[in-house]
Amino acid sequence: MWDEGRVPYRYLTTESDLAHYVPGIDASKVKLGVFFEEAGGANPFLATYRFADDARKMGAEFIVGREVADIRVQDNRVRGVVLNDGTLIECEHVVNCAGAFAFRVSGMIGLDLTDRFWIERHGSMITEKLPFWMDALVVSYHPTLSGYWQQKRMEKDAIEGEIVACYSPDRPWHGYNTKSHVEFMSRMARSMLEVQPGLAEVGLVRHAAHHYVGRVSGIPLIGPCGEFDGRRLPGPTGFWHNIAKKGHGFMCAPGDGYALAWSMVNGELHPWISECTLEEDPSTIETMK
């Protein structure tokens with residue numbers, strides 16, 4: 001798969017190779033490592049503001065401090081949105097990219113997604129600051145203690161940083177729930193210590209939780225409703241979804257946005273999102289699964 005996508009990588013097979021990227025690793029418990037030399041990271045908050053700045057230069061307008069109260073539909077076609085101050089914005093297309101609140105937005109057009117999608121709790125925890133010593137994002141595919149963590153440089157030129165750690169549970173808690181839970185912290189700590197036992201004395205500062213939207217296949221919902229390209233999909237024409245990324249929304253946003261815009265302009269579904277519609281093939285499953 002990586003070769004087909006021309007993704008540079010190399011296998012880490014010796015203890016010294018593994019320790020170079022993951023300091024303090026217990027190599028006796030690792031069968032194989034893979035290093036992606038072109039992988040990188042970005043601050044999602046700063047990047048989002050930069051996207052917005054560029055969008056304004058291209059003529060986009062952002063309305064902040066307002067909430068969409070209703071979506072106007074006539075003759076099974078989107079006609080506009082109504083804000084909570086009563087303002088009506090007429091439009092031909094509405095994209096539902098409301099994340100954990102996407103079900104509520106789809107409900108405004110009478111479309112119930114809860115029979116195929118769900119909201120799940122996704123936790124994370126942050127350690128105390130440590131001298132900066134680990135640059136790589138560590139992803140463990142342990143059969144029962146998988147997880148991923150990375151030391152973050154939150155301030156420019158900082159010489160120390162926190163470790164942010166997450167994992168995706170096999171049996172996630174469904175519904176809205178952002179409360180801290182000792183089960184998450186215990187499970188996350190075991191995952192990290194399995195790989196880097198030297199982290200045992202590192203203190204935890206806080207634990208938080210947010211929400212993912214998902215469905216059984218793991219494939220997101222990106223595409224149209226109503227009549228489109230010779231098909232008849234649930235919901236009114238002109239209503240689009242861009243949800244259920246299971247935590248990959250920021251990484252996929254530029255490509256997903258381009259594919260949606262291309263589809264609107266050309267009247268056909270872009271190949272990138274051809275399998276991401278409401279008409280999901282039951283035999284299709286996300287590659288990583």
_Condition broken by ALA200, with the remaining ones in (1) farther than 30 Å from THR127 by Cα; (2) of a type outside the set (Ser, Thr, Tyr); (3) part of a helix (DSSP H, G or I); (4) over 17 Å from the mean Cα position of the chain (by Cα) satisfied_ = (1)
*Among residues of region 209-220, those that are touching a residue at least 60 places away in the same chain (Cβ under 8 Å) and touching a His at 6+ places or on another chain (Cβ under 9 Å), counted*: 4
*asked:* Condition first: in contact (Cβ under 8 Å) with a residue 12 or more places away in the chain and in a strand (DSSP E or B). Can you find one or more residues in region 97-115 that meet it?
replied: no
*Go over the candidates ARG232, ARG171, ARG206 one by one and state the one that is assigned to a strand (DSSP E or B) and free of Cβ contacts under 8 Å to residues at least 12 places away in the same chain.*
ARG232
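Per-residue answers, yes or no, for (1) at pLDDT 90 or above; (2) under 29 Å from LYS31 (Cβ atoms); (3) more than 17 Å from the chain's Cα centre (by Cα); (4) basic (Lys, Arg):
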position	(1), (2), (3), (4)
MET192	yes, yes, yes, no
GLN196	yes, yes, yes, no
ARG206	yes, no, yes, yes
ALA209	yes, no, no, no
TYR212	yes, yes, no, no
GLY218	no, yes, no, no
LEU221	yes, no, no, no
ASP229	yes, no, yes, no
LEU233	yes, no, yes, no
*Within region 235-256, track down each residue that is of a type in the set (A, V, I, L, M, F, W, C) and assigned to a strand (DSSP E or B).*
PHE239, TRP240, ILE243
*Do we find that ASP75 is surrounded by 11 or more Cβ atoms within 10 Å (Cβ to Cβ), without any contact (Cβ under 8 Å) to a residue 40 or more places away in the chain and not hydroxyl-bearing (Ser, Thr, Tyr) in this structure?*
no
*asked:* Give all pairs with beta carbons closer than 6 Å in which a residue from region 1-23 that is in contact (Cβ under 8 Å) with a residue 60 or more places away in the chain meets a residue that is assigned to a loop (DSSP other than H, G, I, E, B); count only pairs at least 6 apart in sequence or on separate chains.
replied: TYR21/ALA136; PRO23/TRP133; PRO23/MET134
*region 31-66, residues that are under 30 Å from GLU15 (Cα atoms) and either β-branched (Val, Ile, Thr) or assigned to a loop (DSSP other than H, G, I, E, B) (or both)*: LYS31, LEU32, VAL34, PHE36, GLU37, GLU38, ALA39, GLY40, GLY41, ALA42
*asked:* Just the residues that are surrounded by 13 or more Cβ atoms within 10 Å (Cβ to Cβ) and within 26 Å of PRO23 (Cα to Cα), please, taken from region 173-197.
replied: PHE184, MET185, ARG187, MET188, ALA189, ARG190, SER191, MET192, LEU193, GLU194, VAL195, GLN196
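Residue by residue, here is whether (1) in the same structural domain as GLU92 (by TED's automatic domain parsing); (2) farther than 16 Å from ILE273 by Cα; (3) surrounded by 15 or more Cβ atoms within 10 Å (Cβ to Cβ); (4) in contact (Cβ under 8 Å) with a residue 24 or more places away in the chain holds:
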| residue | (1), (2), (3), (4) |
| --- | --- |
| ARG153 | no, yes, yes, no |
| LYS156 | no, yes, no, no |
| GLU201 | no, yes, no, no |
| HIS241 | yes, no, yes, yes |
*Checking ASP112 against (1) out of contact with any Phe, Trp or Tyr (no Cβ under 9 Å at 6 or more places or on another chain); (2) under 30 Å from ASN177 (Cα atoms), the condition it does not meet*: (1)
*Take ILE25 and decide whether it is under 30 Å from SER217 (Cβ atoms) and either surrounded by 14 or more Cβ atoms within 10 Å (Cβ to Cβ) or among the basic types (Lys, Arg) (or both).*
no
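The values are calculated or read from the model by the stated rules, or taken from the named source; none is laboratory data. Keep in mind the model is a prediction, meaning the values are calculated, not measured. When we count neighbours, we look across all protein chains shown, and the Cβ atoms used for this are built from the backbone with ideal geometry, even at glycine.
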